[in-house]
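This report refers to the structure that appears directly beneath it.
The values are calculated or read from the model by the stated rules, or taken from the named source; none is laboratory data. These figures come from a predicted structure and were not determined experimentally. Ideal geometry is used to build each Cβ from the backbone, glycine not excepted, and the neighbour counts take in all protein chains shown.
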Amino acid sequence: MIAIINYGMGNLGSIANMFKKIGAAAIITSDPVAIEKADKLVLPGVGAFDAGMRNLQERKLIPLLNQKVLVEKTPLVGLCLGMQLLTKESEEGSLAGLGWIDAKTVKFKFDVVGTSLKIPHMGWNTVKPCQQNPLFTGLDAEARFYHVHSYHVVCSDAGANAIAETEYGYAFVSAIARDNILGVQFHPEKSHKFGMRLLSNFVEFF
């Protein structure tokens, strides 16, 4: 069973529907018992970094998630804000992140004079794997996913943790991994066939 963690942030129904389409059993829950029993976890997220961390703290989910993910090695994928919460900190707020990935979250900064690029980065964009990971099995270098974000992740050791990049003004990390911990900056639940394949890979290979 896949537990889609309900902490008050994210497209929960859309994510559950996508898992239903690929034939995977998933529930939306904030119940510690259900999360403890889950074989896989999804940490969704739409909104601000501090609000996300505060909601996890108020629901007393952080110790449970640390146990499941760091000790029991339960596979987890963070989506959009959920990926950013895996890092140590964010320029968007002052609270510490989960710190499972040695990285920080920073705001897009465009130094090119006269650039027409808008923030947030919104819409379809190509996600290019930069190292092999089962999450991208069957997805070629031109796979496109739907993005909506003003901040992105910078890894302390990109060679160790960055598994895909996207170009928006400059190349930024759009997917990360560390053993059983995964994160994607985009929204697979809004990315049609590409999102279905990525979530299928999460179910099958992790």
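Worth a mention:
Here's the yes/no breakdown for (1) farther than 24 Å from H149 by Cα; (2) more than 15 Å from the chain's Cα centre (by Cα); (3) surrounded by fewer than 15 Cβ atoms within 10 Å (Cβ to Cβ):
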position	(1), (2), (3)
E36	yes, yes, yes
L43	no, no, no
M53	no, no, no
Q67	yes, yes, yes
E72	yes, yes, yes
G78	no, no, no
L81	no, no, no
E92	no, yes, no
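- Hits in segment 34-54 - residues which are in contact with a Lys or Arg (Cβ under 8 Å, 6 or more places away or on another chain) and not in a strand (DSSP E or B): I35, E36, A38
- Enumeration of residues in segment 79-119 that are part of a loop (DSSP other than H, G, I, E, B) and among the charged types (D, E, K, R): K88, E91, E92, D102, K109, D111, K118
- The lone criterion from (1) more than 29 Å from Q67 (Cβ to Cβ); (2) touching a helix residue (DSSP H, G or I) at 6+ places or on another chain (Cβ under 6 Å) left unmet by P134 is number (1).
- Residue list for segment 164-193, filter: crowded, with 21+ Cβ neighbours inside 10 Å and not in a strand (DSSP E or B): Q185, F186, P188, E189, S191
- Residue among K118, K109, K73 that alone is modelled with pLDDT of 95 or more and farther than 16 Å from P44 by Cα: K73
- Every listed requirement among (1) in a strand (DSSP E or B); (2) within 17 Å of F206 (Cα to Cα) is met by I28 save one, (2).
- Among the residues of segment 99-140, just one is more than 26 Å from G159 (Cα to Cα) and surrounded by 14 or more Cβ atoms within 10 Å (Cβ to Cβ), namely I119.
- Among residues of segment 169-190 that are farther than 22 Å from A16 by Cβ and modelled with pLDDT of 95 or more, those with a beta-carbon under 9 Å from a residue that is among the aromatic types (F, W, Y) and crowded, with 24+ Cβ neighbours inside 10 Å at least six positions away or on a different chain give the pairs S174/F145; S174/F186.
- Test: residue in segment 60-68 that is part of a loop (DSSP other than H, G, I, E, B) and either of a type in the set (G, A, S) or in contact with a Ser or Thr (Cβ under 9 Å, 6 or more places away or on another chain) (or both): yes
- Residues of segment 180-199 satisfying the condition of being under 15 Å from A103 (Cβ atoms) and either small (G, A, S) or more than 12 Å from the chain's Cα centre (by Cα) (or both): G183
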